[in-house]
Amino acid sequence: MANTEFEKNLKYLPLRDTRIDDPFWNGCVRLVTGEILPYQYDSLWDRIPGAPPSRCIRNLRVAAGLEEGEFEGWVFQDTDLAKWLEAAAYSLAALPDRKLRDTAEDMIDLVLQAQQPNGYLNSYFTVKYPGHQFCNLKEGHELYTAGHFIEAAVAWYQVTGEDRFLNAMRRFADLICEVFHTPDYADAVPGHEEIELALYRLYEVTGEEKYRAMAYDFINRRGTTDYLSREHTLPRFIDVWHDRGPYIPEYAQAHLPVREQTTAEGHAVRALYLYSAMADLAGSYHDEALLAACERLYDNIVERRMYLTGGIGSSGTLERFTVDYDLPNDTAYAESCASIALAMFCKRMARVTGDAKYMDTAELAIYNTVLAGIAMDGRSFFYVNPLEVIPDQCIPATDRAHVKPVRQKWFGCACCPPNIARTLASLGEYVLLEGEDSVRVNLLISGAYKTHLHGVPVELTVDSSLPWEGRAVLRLRAERPVTGRLLIRVPEYAEDPAFAAAGGPFVPATDRGYAVIDVSGTETRVTFTFGMTARLIYANPRVSADAGKVAVKKGPLVYCLEEMDNGAGLASLRIDTTKALKEVPGGDLRDCVTIEAEGERLTWSGRLYSTRAPDAVPAKLTFVPYCFWGNRTPGEMTVWVNKK
């Protein structure tokens with residue numbers, strides 16, 4: 001059982017109090033306002049030449065009666081705008097922008113015009129089945145869509161202080177609370193989780209108990225009812241997908257009561273949204289059994305079902321978890337949204353338990369899979385994130401059909417691009433946790449962060465050299481003398497961590513992965529250094545795809561080989577693990593550190609099969625950060641390399 005000492009005390013730092021100014025992250029975060037959000041807005045309006053149409057804004061305009069037409073696209077298409085609005089709010093917290101704010105307010109006006117008199121909001125059902133609401137929870141994504149709009153409204157209120165959007169979504173939440181406590185819906189649960197964590201966020205900003213209680217009800221019902229399995233027999237059911245296959249409760253994590261679940265099952269995004277809500281509610285209600293379930297599920301993911309890159313959900317069929325150690329590289333799904341959801345879950349678990357291990361995992365997912373999901377120019381995206389790509393083998397109607405060797409301009413199902421945008425825009429929320437008498441540093445990202453100790457305003461500045469060097473200088477300044485604690489997460493990859501202050505080197509106390517530094521007076525300055533050399537990583541032999549192979553990792557970054565640096569036929573390369581890795585600064589991908597290794601290339605001039613072994617010639621292997629792959633000349637890529 002986790003220690004729940006910090007449940008009542010820890011909270012996220014408001015984004016308006018965070019100012020990231022980091023050499024590594026500036027290239028991503030500052031793209032949000034200038035490039036990513038304008039590009040995505042044009043995508044939602046179907047203005048990107050050659051990109052799949054979105055129809056998102058058009059659907060809402062039809063629902064609002066502003067134009068004629070039929071609904072087009074996926075049933076959850078509205079959520080693309082909801083996540084865009086959430087990202088816009090977060091971006092405005094860091095960088096006020098009048099044009100962006102005006103655009104967002106125009107979109108909020110549209111959303112409110114599409115909202116029905118009873119508070120209901122969903123363009124699919126409003127246009128296609130007017131008057132029919134909550135008639136397909138299994139497949140209709142109504143509560144999932146509602147959750148994203150609620151999250152957007154909460155973000156807008158927190159950043160701008162304007163409550164018009166929030167009040168409108170409260171009407172929607174009130175409707176949900178009313179409907180789902182009627183006899184017809186007393187055992188109903190959403191097929192795609194999201195509403196649970198959104199209702200909890202709404203509770204946090206409004207203090208309205210019924211929102212928290214409704215979220216808790218949805219959690220407690222899950223796996224205890226057959227509602228999703230029998231819903232298609234109800235007279236009100238509207239068939240959305242026309243799926244004639246049997247319903248699989250594991251797909252929606254509805255196979256067992258949540259407190260009895262021990263393995264991560266089903267659709268990876270749904271699962272981690274559920275676990276995020278479970279973590280919030282476990283902390284809020286001091287529900288030890290619910291927290292224990294979260295811990296078991298986390299352990300199962302990170303020890304048996306997660307890629308080295310922080311990717312989860314290995315199967316392209318149903319975008320799901322499969323079984324322990326089933327982590328193929330070339331057919332990996334590892335949806336960008338799933339790693340975002342994993343980071344969300346871990347952020348919450350760190351808040352509830354005060355344990356740094358969860359931020360180790362969040363950092364891994366953010367620096368690798370999440371960041372890989374968007375191009376350096378902010379204008380193309382990966383939906384799935386394999387660990388090995390041979391472009392010619394990414395053939396439609398095969399098991400690699402979902403793998404794309406280049407980032408795409410947009411997607412018909414475009415859940416990932418705006419999700420990446422809202423994650424990058426809210427990165428400041430992952431950096432710190434604020435307690436009554438403590439400031440807890442989760443990520444060593446340079447910037448200035450305003451927080452409090454015992455109610456006294458303090459500012460923490462971080463000057464970090466990550467991810468290229470293990471060095472950070474932290475300065476905590478208070479308006480008047482104050483006592484408290486500065487807790488700094490010691491990353492799991494840190495070699496020989498050392499701390500120094502004005503009086504010289506010192507050895508701090510530790511608490512669940514954090515170094516604990518006593519704060520007294522008006523200023524505290526700490527230098528934190530550690531080794532962070534490139535290392536070879538081996539997989540558990542039960543991961544058959546990685547047997548006999550190694551990967552390269554430096555700090556939080558996983559590295560890969562690309563064809564541009566190493567030539568075609570990456571599978572023919574073998575690394576010499578007896579020779580030291582060489583770190584080379586100044587790479588052409590955002591001035592990155594590249595890593596060189598000695599090895600050999602197998603050569604072959606015979607038939608398909610032969611009794612003669614291939615020849616080998618010496619070769620230099622050049623690794624680049626996985627998060628940056630695919631930003632140059634398209635070609636092969638691999639993370640795991642054969643061992644010589």
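The values are calculated or read from the model by the stated rules, or taken from the named source; none is laboratory data. Not measured: the values here are computed from a predicted model. For neighbour counting, all protein chains shown are included, and Cβ atoms are generated from backbone atoms with ideal geometry for every residue, glycine included.
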Query - Wholly enclosed strands (runs of 3 or more DSSP E) of the range 412-454 bearing at least 2 residues among the hydroxyl-bearing types (Ser, Thr, Tyr) - result: 447-453
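Is it true that residue 439 is of a type in the set (A, V, I, L, M, F, W, C), modelled with pLDDT of 95 or more and either under 30 Å from residue 516 (Cβ atoms) or within 20 Å of the chain's Cα centre (by Cα) (or both)? Walk me through it before giving the result.
Working: of a type in the set (A, V, I, L, M, F, W, C): yes; modelled with pLDDT of 95 or more: yes; either under 30 Å from residue 516 (Cβ atoms) or within 20 Å of the chain's Cα centre (by Cα) (or both): yes.
Against the criterion (of a type in the set (A, V, I, L, M, F, W, C), modelled with pLDDT of 95 or more and either under 30 Å from residue 516 (Cβ atoms) or within 20 Å of the chain's Cα centre (by Cα) (or both)), residue 439 qualifies.
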Report summary line: Here the residues within the range 235-251 that are under 21 Å from residue 180 (Cβ atoms), in contact (Cβ under 8 Å) with a residue 12 or more places away in the chain and exposed (fewer than 12 other Cβ atoms within 10 Å of the Cβ) are 236
**Report entry** Test set (1) touching a Leu at 6+ places or on another chain (Cβ under 6 Å); (2) part of a strand (DSSP E or B) - residue 627 fails condition number
**Finding:** (2)
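Take the residues in the range 206-234 that are outside any loop (DSSP other than H, G, I, E, B) and β-branched (Val, Ile, Thr), then tell me which one is surrounded by the most Cβ atoms within 10 Å (Cβ to Cβ). Before the answer, list the steps.
As a first pass, look at the range 206-234 and keep what is outside any loop (DSSP other than H, G, I, E, B): 206, 209-221, 227-233.
Next cut, β-branched (Val, Ile, Thr) only: 206, 219, 233.
On the way: 206: 18, 219: 26, 233: 7.
Once the filter is applied, the top-ranked residue is 219.
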Query raised in the report: Does the range 520-528 contain any residue that is closer than 25 Å to residue 427 by Cβ, assigned to a strand (DSSP E or B) and in contact with a Leu (Cβ under 6 Å, 6 or more places away or on another chain)?
Result: yes
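Within the range 627-644, count every residue that is touching a Phe, Trp or Tyr at 6+ places or on another chain (Cβ under 8 Å) and either within 23 Å of residue 578 (Cα to Cα) or at pLDDT below 95 (or both).
Step one: of the range 627-644, the residues touching a Phe, Trp or Tyr at 6+ places or on another chain (Cβ under 8 Å) are 627, 630, 637, 639.
Narrowing further to those that are either within 23 Å of residue 578 (Cα to Cα) or at pLDDT below 95 (or both): 639.
Qualifying residue count for the region: 1.
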Requested in this report: Sort out which residues of the range 385-404 are in a loop (DSSP other than H, G, I, E, B), closer than 22 Å to residue 550 by Cα and of a type outside the set (S, T, N, Q), and write them in order of number.
Outcome: 386, 387, 390
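Determine which member of the set 61, 55 is on the phi > 0 side of the Ramachandran plot and touching an Asp or Glu at 6+ places or on another chain (Cβ under 9 Å). First the steps, then the outcome.
On the way: 61 fails: on the phi > 0 side of the Ramachandran plot.
The match here is 55.
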Query raised in the report: Considering only the range 88-128, how many residues are more than 23 Å from residue 68 (Cβ to Cβ), in contact with a Phe, Trp or Tyr (Cβ under 8 Å, 6 or more places away or on another chain) and in a loop (DSSP other than H, G, I, E, B)?
Result: 1
Requested in this report: Check whether at least one residue in the range 187-201 is among the hydroxyl-bearing types (Ser, Thr, Tyr) and closer than 24 Å to residue 337 by Cβ, and report yes or no.
Outcome: yes
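The rows are residues; the columns are (1) within 24 Å of residue 348 (Cα to Cα); (2) without any contact (Cβ under 8 Å) to a residue 60 or more places away in the chain; (3) touching a Lys or Arg at 6+ places or on another chain (Cβ under 9 Å); (4) not β-branched (Val, Ile, Thr).
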site	(1), (2), (3), (4)
378	no, no, no, yes
433	yes, no, yes, yes
468	no, no, yes, yes
475	no, yes, yes, yes
481	no, yes, no, yes
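So which of 569, 587 is in contact with a helix residue (DSSP H, G or I) (Cβ under 9 Å, 6 or more places away or on another chain) and surrounded by 15 or more Cβ atoms within 10 Å (Cβ to Cβ)? Explain how you work it out, then say what you get.
Working: 569 fails: surrounded by 15 or more Cβ atoms within 10 Å (Cβ to Cβ).
Result: 587 is the single residue among 569, 587 that is in contact with a helix residue (DSSP H, G or I) (Cβ under 9 Å, 6 or more places away or on another chain) and surrounded by 15 or more Cβ atoms within 10 Å (Cβ to Cβ).
Without any contact (Cβ under 8 Å) to a residue 60 or more places away in the chain and of a type in the set (D, E, K, R): which single residue out of 422, 485, 440, 489 fits that description?
On the way: 422 fails: without any contact (Cβ under 8 Å) to a residue 60 or more places away in the chain; 440 fails: without any contact (Cβ under 8 Å) to a residue 60 or more places away in the chain; 489 fails: without any contact (Cβ under 8 Å) to a residue 60 or more places away in the chain.
Only one candidate passes the filter, namely 485.
When the residues of the range 261-275 are narrowed to those that are hydrophobic (A, V, I, L, M, F, W, C) and assigned to a helix (DSSP H, G or I), which ends up nearest to residue 344 (Cα to Cα)?
Applying the first criterion (hydrophobic (A, V, I, L, M, F, W, C)) to the range 261-275 yields 264, 268-269, 271-272, 274.
In the following step, the residues that additionally are assigned to a helix (DSSP H, G or I) were identified as 268-269, 271-272, 274.
Working: 268: 13, 269: 11, 271: 12, 272: 8, 274: 11 Å.
It comes out as 272.
Quick test for you: out of 551, 539, 545, pick the one residue that is closer than 17 Å to residue 642 by Cα and in contact with a helix residue (DSSP H, G or I) (Cβ under 7 Å, 6 or more places away or on another chain).
Values: 551 fails: in contact with a helix residue (DSSP H, G or I) (Cβ under 7 Å, 6 or more places away or on another chain); 545 fails: in contact with a helix residue (DSSP H, G or I) (Cβ under 7 Å, 6 or more places away or on another chain).
Of 551, 539, 545, the one residue that is closer than 17 Å to residue 642 by Cα and in contact with a helix residue (DSSP H, G or I) (Cβ under 7 Å, 6 or more places away or on another chain) is 539.
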Requested in this report: Kindly indicate the residue of the range 23-63 that is of a type in the set (Gly, Ala, Ser) and part of a helix (DSSP H, G or I) and also farthest from residue 130 (Cα to Cα) among those meeting that condition.
Outcome: 27
Query - Residues satisfying the stated conditions in the range 276-322, i.e. outside any loop (DSSP other than H, G, I, E, B), hydroxyl-bearing (Ser, Thr, Tyr) and over 24 Å from residue 554 (Cα atoms) - result: 276, 284, 285, 315
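If I filter the range 318-325 for residues that are modelled with pLDDT under 95 and either of a type outside the set (Lys, Arg) or more than 21 Å from residue 408 (Cβ to Cβ) (or both), do I get at least one hit? Before the answer, list the steps.
Of all residues in the range 318-325, those modelled with pLDDT under 95 come to 318.
From the residues that got through so far, the ones that are either of a type outside the set (Lys, Arg) or more than 21 Å from residue 408 (Cβ to Cβ) (or both) too are 318.
Looking through the range 318-325, at least one residue is modelled with pLDDT under 95 and either of a type outside the set (Lys, Arg) or more than 21 Å from residue 408 (Cβ to Cβ) (or both).
Restricting to strands (runs of 3 or more DSSP E) lying wholly in the range 531-619: which have 2 or more residues that are of a type in the set (A, V, I, L, M, F, W, C) and at pLDDT 95 or above? Step through it out loud before you land on a result.
Working: elements: 535-537, 549-554, 557-562, 573-575, 582-584, 594-603.
Result: 535-537, 549-554, 557-562, 573-575, 594-603.
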